[in-house]
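Reviewing the structure listed below.
The values are calculated or read from the model by the stated rules, or taken from the named source; none is laboratory data. All values derive from a computational prediction rather than experimental measurement. Here the Cβ positions follow ideal geometry from the backbone for every residue, glycine too, while neighbour counts run over all protein chains shown. Side chains are part of the model used for accessible areas, which takes the heavy atoms of the whole protein and leaves out ligands, DNA and RNA. Shrake-Rupley method; radii C 1.70, N 1.55, O 1.52, S 1.80 Å.
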Amino acid sequence: MTAVREHVISDSRDRIASLQGSSARKVGCLPFGVPEIDTRLPGGGLAYGAIHEFAGWGAGTIDGAAAALFAAGIAARTKGKIVWCLTRPDLFFPAIAQAGLNPNRVIFVESDREEEVLASMEEALAYGGLGGVVAELVRLPMTASRRLQLAAEKKGTMGLVVRRWRRQTEANDFGQPTASTTRWRISVLGSEALPVPGVGRPRWFLELMRVKAGECAEYCVGACDDKGRIHLSAESGHGSDTSRRSINSG
């Protein structure tokens with residue numbers, strides 16, 4: 001009996017140490033460097049050890065591409081390799097490079113089915129030591145999102161889910177609840193005005209549709225530069241532009 005009790009105590013100590021180590025790894029966040037956005041996020045930025053969702057408006061290809069570039073810009077500002085899981089090998093390398101993410105940092109994992117994409121993302125999050133894990137998904141069921149969240153918490157790795165659709169009916173799934181820490185919707189605006197003829201920096205309308213322990217918000221921003229950074233557009237007033245879209249609860 002004594003040996004059994006000692007084994008149980010030792011096992012309990014190991015579990016406690018593991019939990020403490022996991023908790024320590026979860027500390028920290030990645031700020032945008034835009035006070036109007038960072039102050040809306042608990043901790044002052046996007047939390048590590050958490051899942052964050054991104055989608056374009058509706059089923060539009062242009063807005064969907066903007067969502068992918070927004071995620072790429074965030075991944076670019078992390079440290080380490082990035083695992084990008086997808087079913088459609090249509091990611092345009094020069095575009096993510098323009099958003100600050102060097103393709104040489106990215107390990108692409110291509111699967112035929114979304115179930116395999118989810119499994120690959122979970123495995124990559126559980127591996128640890130990565131700058132982030134990106135997955136392109138149509139649907140993100142609550143149970144699957146919880147598994148991803150737990151895997152992200154365990155190693156402190158940031159998970160970025162880019163929701164992609166081919167039709168409007170699939171886009172309606174974005175309103176379903178998930179375990180993600182934040183949920184963002186991105187749509188493309190006209191480029192920034194220049195004092196001379198030419199094409200200015202692309203602009204996006206960002207909707208922070210959900211954030212745990214925080215409030216929703218809207219922003220008009222300049223798209224990611226070659227360092228993955230965004231900036232608040234001068235035309236957005238006080239960091240909110242309600243003329244383009246209205247936030248729906250998510």
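Ranked by the mean number of other Cβ atoms within 10 Å of their residues, highest first, the peptides 63-76, 89-102 come out as 63-76, 89-102. As an exercise, identify the GluC sites (Glu not before Pro) in the stretch 174-221 lying in DSSP coil whose Cβ has no more than 12 other Cβ atoms within 10 Å. Those satisfying the criteria are Glu215.
Name all residues of the stretch 206-225 having a backbone nitrogen under 15 Å from the label point set 7 Å from the Cα of Glu36 along its Cα→Cβ direction, giving them as ranges. It comes to 206-208, 217-223, nothing else. Cross-link partners for Lys212 among the lysines, with Cα-Cα distance under 16 Å and sequence neighbours closer than 8 places in the same chain left out: Lys26. List the aspartates and glutamates whose Cα sits under 20 Å from the Cα of Lys154, skipping any in the same chain fewer than 8 residues away. Once the sequence-local aspartates and glutamates are set aside, what remains near Lys154 is Asp11, Asp14, Glu53, Glu122, Glu123. For Gly132, nonlocal amide neighbours, meaning residues 5 or more places apart or on other chains whose placed amide H falls under 5 Å from its own, are Val83. Relative protection proxy for 41-48, 224-231, from highest mean packing down: 41-48, 224-231 (other beta-carbon atoms within 10 angstrom). Rg then Dmax, both in Å and based on the Cα atoms of the stretch 99-237: 17.0, 52. For Met209, the solvent-accessible surface with a 1.4 Å probe is about 10 Å², rounded to the nearest 10.
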